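**Q** Dumping the structure here so I can ask a few things about it.
The values are calculated or read from the model by the stated rules, or taken from the named source; none is laboratory data. Predicted, not measured: the structure shown is a model, and the values here were computed from it. When we count neighbours, we look across all protein chains shown, and the Cβ atoms used for this are built from the backbone with ideal geometry, even at glycine. The protein model used for the area step is the full one, side chains on, heavy atoms only, and it has no ligands, DNA or RNA in it. Shrake-Rupley method; radii C 1.70, N 1.55, O 1.52, S 1.80 Å.
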Amino acid sequence: MTAAGTKRRTVASRLPSNRTAFETFAAGVAGVDRRPGGSVYATFSTYAPGKYAGKVVRVTKRGKLRVVARPRFDGRRADPGDVVALRRQVLVLDNLSKTVLRLRNGRLRTYYRAPRPAGAPNAPVVNALSHGADGRVYAVIAEDSSTNAPTRVVRLNAAGRVLRTWVTPRPVSEATATSDGVMWVDEIEGPIRRVDGAGPSFAVPSSGSLAARGTRLYATAYAWNTRRSYPPGSPAGQVWRLTP
C-alpha cells in the first residue's frame, strides 16, 4: 500500500491477498484512501462460498492495521469495497447491497442508496465510489446490475444528497475529478475519457482503478492480468500517470 504523490512511500506492507481456483475463496484489499492531512484507511474483503467477512482498518503511523469497523447491513455482514476518507467521516461502499455506508464516531449509518424511479422495473445500483482531487465525493450508478446498463455519475455532499448528475452515453466502471473540476470516466471495454467527450482519451489495458491528485490522473493497468489474458511475460499490476 503506497501513498499517492510525486514520490512513493510505503505506509503498510505484507497485506493479505489470496484467491483459490474458481474463486471459491478470496481475500485482500478492496479500497484505500487517505483522510485529508490524516490517516490512511483501507477496506478488506474476505469471501468464502455463501459468506462474506469484511472490515475497515486504519493504518497507524507505525504501519500497523487497526480495525475500526466490521460493516453490517440489514443484519448480515457487508462486503466493503471502495472507501472515501473525509475529515469527519469515512464512507464505504457495500458491494452486496450496493449501499454507501457512513462511519462516524464508531457508528455505521446509511449515507446513500440510489432511489428507484417510479415505475422502473429494477432498482439502480451504486457500482463505484471515489474521492476526487477537488475534495468531493462521486459515485457511479448503473440503472440495474447488468454490466451494459446505462450509467450516470453523481456528486454527493457531506449528507449524501445529490448535487450534480452526469449521464454517460456508454457504461462506465470508475469516475473521478481532477482539482480543476474536470470529470473523468473509465468506460467498460472502452477508453478513459472526459465525461463531456472533449479532449484526449486514453486506452489503458485492463484498467482497474482511477484516481486523481491535483490535475494529474492515474490509472491501474493490467489489473486483471491472467495467463489467459496476455502472453507469458506480459506486465502486471502497473500504475500509469495519464497526461491530459
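**Q** Before we move on, is residue 189 more than 21 Å from residue 30 (Cβ to Cβ), without any contact (Cβ under 8 Å) to a residue 12 or more places away in the chain and either open to solvent by 60 Å² or more (accessible area, probe 1.4 Å) or out of contact with any helix residue (DSSP H, G or I) (no Cβ under 9 Å at 6 or more places or on another chain) (or both)?
**A** On the way: more than 21 Å from residue 30 (Cβ to Cβ): yes; without any contact (Cβ under 8 Å) to a residue 12 or more places away in the chain: yes; either open to solvent by 60 Å² or more (accessible area, probe 1.4 Å) or out of contact with any helix residue (DSSP H, G or I) (no Cβ under 9 Å at 6 or more places or on another chain) (or both): yes.
It is true that residue 189 is more than 21 Å from residue 30 (Cβ to Cβ), without any contact (Cβ under 8 Å) to a residue 12 or more places away in the chain and either open to solvent by 60 Å² or more (accessible area, probe 1.4 Å) or out of contact with any helix residue (DSSP H, G or I) (no Cβ under 9 Å at 6 or more places or on another chain) (or both).
**Q** Still on this model: When residue 198 is evaluated against the numbered criteria (1) open to solvent by less than 60 Å² (accessible area, probe 1.4 Å); (2) within 18 Å of the chain's Cα centre (by Cα), which criterion, by number, is the only one it fails?
**A** Here residue 198 clears every test but (2).
Residue-wise test of (1) in contact with a Leu (Cβ under 8 Å, 6 or more places away or on another chain); (2) at pLDDT 90 or above; (3) on the phi > 0 side of the Ramachandran plot.
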{"position": "79", "(1), (2), (3)": "yes, no, no"}
{"position": "82", "(1), (2), (3)": "yes, yes, no"}
{"position": "88", "(1), (2), (3)": "no, yes, no"}
{"position": "91", "(1), (2), (3)": "yes, yes, no"}
{"position": "100", "(1), (2), (3)": "yes, yes, no"}
{"position": "103", "(1), (2), (3)": "yes, yes, no"}
{"position": "111", "(1), (2), (3)": "yes, yes, no"}
{"position": "116", "(1), (2), (3)": "no, no, no"}
{"position": "119", "(1), (2), (3)": "no, no, yes"}
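**Q** Taking the condition of being more than 22 Å from residue 72 (Cβ to Cβ), more than 14 Å from the chain's Cα centre (by Cα) and among the small types (Gly, Ala, Ser), how many residues in the stretch 106-132 meet it?
**A** 3
**Q** Quick check on the stretch 159-176. Is at least one of its residues acidic (Asp, Glu), without any contact (Cβ under 8 Å) to a residue 60 or more places away in the chain and not in a strand (DSSP E or B)? Give the steps one after another, and end with the answer.
**A** Going through the stretch 159-176, the residues acidic (Asp, Glu) turn out to be 174.
From the residues that got through so far, the ones that are without any contact (Cβ under 8 Å) to a residue 60 or more places away in the chain too are 174.
Cutting the leftovers down to not in a strand (DSSP E or B) gives us none.
Among the residues of the stretch 159-176, not one is acidic (Asp, Glu), without any contact (Cβ under 8 Å) to a residue 60 or more places away in the chain and not in a strand (DSSP E or B), which makes the answer no.
**Q** Here's a follow-up. Identify, please: which residue in the stretch 219-239 is within 22 Å of residue 82 (Cα to Cα) and surrounded by fewer than 16 Cβ atoms within 10 Å (Cβ to Cβ) and is, among those, modelled with the highest pLDDT?
**A** 239
**Q** Tally time: how many residues in the stretch 135-158 are more than 16 Å from the chain's Cα centre (by Cα) and surrounded by 13 or more Cβ atoms within 10 Å (Cβ to Cβ)?
**A** 5
**Q** For the stretch 80-123, what are the residues that are open to solvent by less than 20 Å² (accessible area, probe 1.4 Å), in a loop (DSSP other than H, G, I, E, B) and farther than 18 Å from residue 153 by Cβ?
**A** 89, 97
**Q** Output the residue which, of all residues in the stretch 166-186 that are within 17 Å of residue 150 (Cα to Cα) and open to solvent by 70 Å² or more (accessible area, probe 1.4 Å), is farthest from the chain's Cα centre (by Cα).
**A** Taking the stretch 166-186 and keeping what is within 17 Å of residue 150 (Cα to Cα), we get 166-175, 184-186.
Checking the rest, the ones that are also open to solvent by 70 Å² or more (accessible area, probe 1.4 Å) come to 167, 169-170.
Working: 167: 19, 169: 21, 170: 19 Å.
Checking each candidate, the answer is 169.
**Q** Just checking, how many residues over the stretch 41-51 are farther than 14 Å from residue 104 by Cα, assigned to a strand (DSSP E or B) and either open to solvent by 70 Å² or more (accessible area, probe 1.4 Å) or modelled with pLDDT of 90 or more (or both)?
**A** Within the stretch 41-51, the subset farther than 14 Å from residue 104 by Cα is 42-51.
Still in the list and also assigned to a strand (DSSP E or B): 42-48, 51.
Restricting the remaining residues to those that are either open to solvent by 70 Å² or more (accessible area, probe 1.4 Å) or modelled with pLDDT of 90 or more (or both) gives 42-43, 51.
Result for the stretch 41-51: 3.
**Q** Another one. Somewhere in the stretch 20-31, is a residue in a strand (DSSP E or B), surrounded by 14 or more Cβ atoms within 10 Å (Cβ to Cβ) and modelled with pLDDT of 85 or more?
**A** yes
**Q** When residues of the stretch 112-156 are filtered for being in contact (Cβ under 8 Å) with a residue 40 or more places away in the chain and basic (Lys, Arg), how many remain?
**A** Number satisfying all stated conditions: 1.
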